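Shown next, in structure tokens, is the structure this report addresses.
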Amino acid sequence: MYAQNVDTGSKGVRGADELSPEEAAFQARIDDNIKIEPKDWMPAAYRKTLIRQIGQHAHSEIVGQLPEGNWVTRAPTLERKAILLAKVQDEAGHGLYLYCAAETLGISRDELMNKLHSGEMKYSSIFNYPTLTWADMGAVGWLVDGAAIMNQVPLQRTSFGPYARAMVRICKEESFHQRQGYSIMMSMVSGTPAQKEMAQDALNRFWYPALMMFGPSDKDSVHSDQSMAWKIKMNTNDELRQRFVNETVPQAHYLGLTIPDDDLVWNEETGNYDFSQPDWDEFKAVLKGNGPCNRERLGARIKAWEGGEWFRDGLAAYAEKAAKRRAAA
Amino acid sequence: MPSLSDMNTDEVTKLADIAAAEQTHDAHVTNVETRPAFFEWLCRMGDTTLILGQRLSEWCGHGPALEEDIALTNTALDLIGHTQLWLGLAGEVENEGRSADQLAFLRDAFKFRNVLLVEVPNGDMGVTTMRQFLFDAFHYELLQRLTESSSPRVAEIAAKALKEVSYHVERSTDLVVRLGDGTPESHDRMQQALDILWSYTGDMFVSDGVDATMADAGIAPSPDTLREAWLARVEDVLDEATLKVPDNAFVHTGGKTGKHTEHLGYILSDMQFLQRAYPGASW
Ligand SMILES: [Fe+2]
Ligand SMILES: [Fe+2]
Ligand SMILES: [Fe+2]
């Protein structure tokens with residue numbers, strides 16, 4: 001989802017007899033739902049995996065500012081502009097909490113930024129899709145923040161303390177975002193025929209990319225077992241995707257919109273909707289850098305970072321001078 | 001409806017109506033004699049905060065550091081909030097049924113009354129920061145005086161805005177000093193920004209018949225009376241920032257009477273796109 005395909009560096013979960021006494025004690029704490037804190041001993045692979053996951057999540061928050069930032073100057077009313085600005089600002093805040101959580105594992109924000117810019121670290125595939133109309137502000141809030149919530153609510157119980165606490169703060173705001181997105185959709189579908197058409201078009205474009213946010217199907221998700229044993233992943237990709245579909249379909253119906261899936265049908269037996277899988281080749285292409293906006297998104301981040309270097313350096317230089325002046329006085 | 005409660009716009013409208021009914025009584029608002037000038041003056045206030053808010057929101061997601069991104073957006077949000085109040089009151093005073101949104105999204109450039117300084121493009125963070133400081137210093141002086149306005153409605157808005165703007169000016173002052181006295185590069189960029197912007201500052205202090213009417217009614221001070229305090233503060237800060245006030249005393253004017261730079265048309269075509277493309281739609 002915001003963290004898709006996170007590599008745990010392991011090919012499977014080892015049995016209790018293969019663990020060192022330290023590792024066994026660590027796993028026992030996790031099994032007892034005792035939070036791991038930054039000063040506690042942890043296996044190197046746990047630390048590394050968490051850095052990847054939290055880092056990828058943080059990057060997703062700040063790259064995620066861009067598709068919605070794209071409409072801030074064109075928001076149709078002063079109130080919508082203010083709401084959207086506040087939302088995009090929240091995402092920057094989420095990035096900040098998460099970079100701070102990652103820092104407790106011994107990696108700085110600058111290091112993580114560099115890894116994002118070099119392409120070594122990824123961000124969620126969803127943000128490589130363009131926002132083409134105002135209705136996309138509705139669809140993104142409703143579906144993208146909605147999918148994020150689906151994944152992040154369980155992560156409030158994740159084993160690493162700082163990550164779990166960041167998730168608690170973030171989830172509250174994400175649910176606001178989803179409501180705001182849905183409220184935009186409500187206005188659109190109760191508006192003019194052109195607005196309703198715009199809303200349907202946005203749903204058509206964002207439906208499958210939103211489903212991709214949960215990551216590849218469980219059978220192709222090689223790193224899940226270890227992450228689940230460590231409780232840094234709480235549910236499988238397919239579980240969350242199903243849950244998302246089950247919740248979202250009635251919401252779409254309420255809006256009078258059609259999910260762009262001819263095979264979507266309620267299954268009495270399983271108590272779930274049956275639905276079509278997204279195009280996983282497209283997903284792979286997007287992860288490889290060939291999504292519609294990969295170049296623009298990463299380019300915008302690099303431009304902001306490089307263009308801001310003199311600004312950051314200026315502030316740092318002043319702080320240093322001021323400290324010297326204070327020492328001399 | 002399923003699992004999401006909806007935020008009904010009807011309810012929002014109702015709340016707004018109730019709030020409007022509870023407004024402080026203000027004889028100036030219905031005074032027919034001062035109406036044209038009062039409306040004009042309120043547009044100057046609201047258009048200025050709107051255009052600067054719009055400019056700042058261009059940075060959203062592109063700031064030089066996360067903290068700065070958040071702070072710029074905060075300022076933009078405050079200014080958009082002020083706009084809703086100033087233009088909302090402008091619509092009431094005009095008494096022709098125009099809302100703040102209609103004023104913001106359905107007037108063309110020659111009807112806009114913002115000062116020129118705020119429409120100057122963002123440039124780098126040097127220009128954005130310097131523009132903010134030069135404006136904040138003016139905005140602060142103005143709002144302080146407006147809290148003593150004979151119009152209770154104006155005084156109310158000013159008091160609310162002043163709280164936020166006190167913080168804006170504190171922040172932009174701090175940044176100007178730090179960047180001016182930071183690295184040689186940050187110093188040069190700040191000096192360059194000041195050189196670009198200086199000739200646009202005079203527009204803020206131009207005082208005309210509208211201002212005279214406002215001053216006579218005790219609603220607002222004449223802008224020329226703010227210049228001394230503004231200049232004293234600006235010179236102090238620039239001095240601490242090791243920056244030099246440009247020699248060029250030339251002043252571009254016209255914003256307050258609708259004569260703008262070429263930039264404003266582009267700002268509006270961006271900002272007004274949806275309202276223009278889908279007339280009468282509600283969002
Ligand atoms: Fe998000
Ligand atoms: Fe977020
Ligand atoms: Fe969000």
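Before moving on, here are some points about what is shown:
- Overall form of region A:42-171 per C-alpha gyration tensor (a/c, 1.5; a/b vs b/c): prolate
- Per-residue accessible area (protein heavy atoms, 1.4 Å probe) orders B:R189, A:R301, A:R243 as A:R243, B:R189, A:R301, starting from the largest.
- Other residues within the sphere of radius under 10 Å centred on the Cβ of B:G91, judged by their own Cβ, net out at -3 (K and R +1, D and E -1).
- In order along region B:100-107, phi translates into HN-Hα couplings of 4, 5, 5, 5, 6, 9, 10, 10 Hz, rounded to whole numbers, per the Karplus curve 6.51 cos²θ - 1.76 cosθ + 1.60 with θ = phi - 60° and x for Gly and Pro.
- Pairs exceeding a 24 Å alpha-carbon distance, out of A:K219/A:K284; A:K87/A:K303; A:K87/A:K172; A:K122/A:K196; A:K48/A:K231: A:K122/A:K196.
- Estimated [θ] at 222 nm from DSSP helical runs (n ≥ 4, -39500 (n - 2.57)) normalised by residues in chain B, nearest 500: -21000 deg cm²/dmol
- Length-normalised contact order of chain A in % [C-alpha pairs under 8 Å, at least 6 apart]: 22 percent
- P(r) histogram, all alpha-carbon pairs of the protein assembly as shown included - 10 Å bins from 0, percent: 3, 15, 23, 23, 18, 11, 5, 1, 0, 0
- Restricting region A:98-201 to trypsin sites (Lys or Arg not before Pro) in coil, as DSSP defines it, with at most 13 other Cβ within 10 Å: A:R157
- Summed over both chains, the contact between A and B buries some 5000 Å² of accessible surface at a probe radius of 1.4 Å.
- Cα centroid of region A:126-166 to Cα centroid of region A:222-239, whole Å: 18 Å
- Kirkwood analysis of region B:34-277, using all unique Cα-Cα pairs, places the hydrodynamic radius at 18.1 Å.
- Other-chain or far-sequence residues with amide H under 5 Å of A:N272's (modelled H): A:N267
- For chain A, the square roots a ≥ b ≥ c of the C-alpha gyration tensor eigenvalues yield an a/c of 1.5 or more together with a/b not exceeding b/c, which makes the shape oblate.
- Given charges at Cβ of Lys, Arg, Asp, Glu: the protein assembly as shown dipole, positive-most of A:P43, B:L268, B:W59: A:P43
- Carbon and sulfur %, accessible surface of the protein assembly as shown computed with the full protein complex present, 1.4 Å: 52 percent
- The C-alpha atoms of chain B define a longest principal axis, and helix B:125-146 lies at about 60 degrees to it.
- Take each residue of peptide A:67-76, count the partner chain Cβ atoms within 10 Å of its Cβ, and average: the result is 6.
- Shielding by partners, peptide A:80-86 (average Cβ within 10 angstrom, other chains): 6
- For residues of B:53-61, the mean tally of beta carbons on other chains within 10 Å: 6
- Loop-located GluC sites (Glu not before Pro) in region A:256-292, at most 14 other Cβ atoms within 10 Å (DSSP): A:E268, A:E269
- Averaged per residue, region B:75-133 has 28 square angstrom of accessible surface, using a 1.4 angstrom probe with ligands and nucleic acids left out.
The values are calculated or read from the model by the stated rules, or taken from the named source; none is laboratory data. Note that the coordinates shown come from a computational prediction; the quantities given were computed from them, not determined experimentally. When we count neighbours, we look across all protein chains shown, and the Cβ atoms used for this are built from the backbone with ideal geometry, even at glycine. Only protein heavy atoms, including side chains, enter the accessible area calculation; ligands, DNA and RNA are left aside. Shrake-Rupley method; radii C 1.70, N 1.55, O 1.52, S 1.80 Å.
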